[in-house]
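S.K.: Here you go, one structure.
The values are calculated or read from the model by the stated rules, or taken from the named source; none is laboratory data. Predicted, not measured: the structure shown is a model, and the values here were computed from it. Cβ: placed from backbone, ideal geometry, glycine included. Neighbour counts: every protein chain shown. Quick note on the areas: whole protein, heavy atoms, side chains included, nothing else; ligands and nucleic acids left out. Shrake-Rupley method; radii C 1.70, N 1.55, O 1.52, S 1.80 Å.
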Amino acid sequence: MRAPLSIIIPTLDAEADLPRCLSALGEGLTEGLIRELVISDGGSSDGTAAIADAAGALLVMGPRGRGGQLARGAAVSSGEWLLFLHADTELRPGWATAVLSHMANTPNRAGWFRLRFRATGMAPRIVAGWANLRARVFGLPYGDQGLLVPVALYHEAGGFPDIPLMEDVALARRLRGRLSPLDAVAVTGAERYLAEGWFRRGGRNLLTLVRYLMGADPERLAQSYSRRR
């Protein structure tokens, strides 16, 4: 029986983060879980491609933009399940067991990981707590929480839209009622929060989400988001 899982990681100049992300995937190989690794790159000018090649990944090149990159990665994948991860996300030990359990017990549902930040203190715990609450109560996990989805359900939901921002929310809304938390943790980078302030950054993210849910154009949201970075 072939391994069921394709892991898809969108990248853009990710050489600083990608090795840690890939290293954490080792237990998936040990468990016979991972069929392939797909790196969907948006035009990196650093060593990202070399890291992907050294890891034996399938490298897909295309225009910058996370939604499009994720969609292109999914399009070339052959697994029965897809796991979408950000390049600065590190899955904590036990993730493979949690994924296998989800596949066996809820085969028609998507799943997301509990979020933690690669930072210490009360502020990162509060922001991560809100993210996990948002995912559990409102069914809106973000991409830094990972997304595990059976390929049939992914296509039924229409896949990732090729938009510059909120692609994760767009797909999560189509998966509403078919999302479950995984019993494992994803640790993600906190650089932007540390640079801008935890609650300022969190407030901006919440405002952007509200504007999107109210019908704002993702292109305009992305322009506004970039200007304020």
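S.K.: Give the number of residues within segment 174-214 that are touching a Gly at 6+ places or on another chain (Cβ under 9 Å) and among the hydrophobic types (A, V, I, L, M, F, W, C).
M.R.: Residues in segment 174-214 being touching a Gly at 6+ places or on another chain (Cβ under 9 Å) and among the hydrophobic types (A, V, I, L, M, F, W, C): 7 in total.
S.K.: Spot the failing condition for Ala3; the list is (1) within 18 Å of Thr188 (Cα to Cα); (2) open to solvent by less than 40 Å² (accessible area, probe 1.4 Å); (3) of a type in the set (A, V, I, L, M); (4) not in a helix (DSSP H, G or I), and only one is missed.
M.R.: Evaluating Ala3 over (1) within 18 Å of Thr188 (Cα to Cα); (2) open to solvent by less than 40 Å² (accessible area, probe 1.4 Å); (3) of a type in the set (A, V, I, L, M); (4) not in a helix (DSSP H, G or I) leaves (1) as the failure.
S.K.: Taking segment 8-42, which residues are in a loop (DSSP other than H, G, I, E, B), of a type in the set (Gly, Ala, Ser) and over 17 Å from Asp88 (Cα atoms)?
M.R.: Filtering segment 8-42 for residues in a loop (DSSP other than H, G, I, E, B) gives 12-17, 24-25, 31-33, 42.
With of a type in the set (Gly, Ala, Ser) added as a condition, the list becomes 14, 16, 24, 32, 42.
Within segment 8-42, just Gly32 meets the criteria.
S.K.: Now, a different point. Search segment 143-165 for residues that are closer than 24 Å to Pro63 by Cβ and pair each with any residue that is of a type in the set (Asp, Glu) and outside any loop (DSSP other than H, G, I, E, B) when their beta-carbon atoms are under 7 Å apart and the residues are at least 6 apart or on different chains.
M.R.: Matching pairs, first to second residue: Gly143/Asp168; Phe160/Glu167; Pro161/Glu167; Pro164/Glu219.
S.K.: Residue by residue through segment 111-167, note down the ones that are of a type in the set (Gly, Ala, Ser) and either open to solvent by less than 20 Å² (accessible area, probe 1.4 Å) or part of a helix (DSSP H, G or I) (or both). Explain how you work it out, then say what you get.
M.R.: First pass over segment 111-167, keeping only residues of a type in the set (Gly, Ala, Ser): 111, 119, 121, 123, 128-129, 131, 135, 139, 143, 146, 152, 157-159.
If the condition is that a residue be of a type in the set (Gly, Ala, Ser) and either open to solvent by less than 20 Å² (accessible area, probe 1.4 Å) or part of a helix (DSSP H, G or I) (or both), then Gly111, Ala123, Ala128, Gly129, Ala131, Ala135, Gly139, Gly143, Gly146, Ala152, Ala157, Gly159 are the ones that fit.
S.K.: Something else about it: Give the number of residues within segment 43-57 that are open to solvent by less than 80 Å² (accessible area, probe 1.4 Å) and in contact with an Asp or Glu (Cβ under 7 Å, 6 or more places away or on another chain). Let's see the steps before the verdict.
M.R.: Narrowing segment 43-57 to residues open to solvent by less than 80 Å² (accessible area, probe 1.4 Å): 43-44, 46-52, 55-57.
Filter again for in contact with an Asp or Glu (Cβ under 7 Å, 6 or more places away or on another chain), leaving 44, 46-49, 51.
Going through segment 43-57 one residue at a time, the tally reaches 6.
S.K.: Checking the structure you have, find out if any residue of segment 56-78 is within 18 Å of Leu33 (Cα to Cα), touching a Gly at 6+ places or on another chain (Cβ under 7 Å) and not in a helix (DSSP H, G or I).
M.R.: No - not one qualifying residue is present in segment 56-78.
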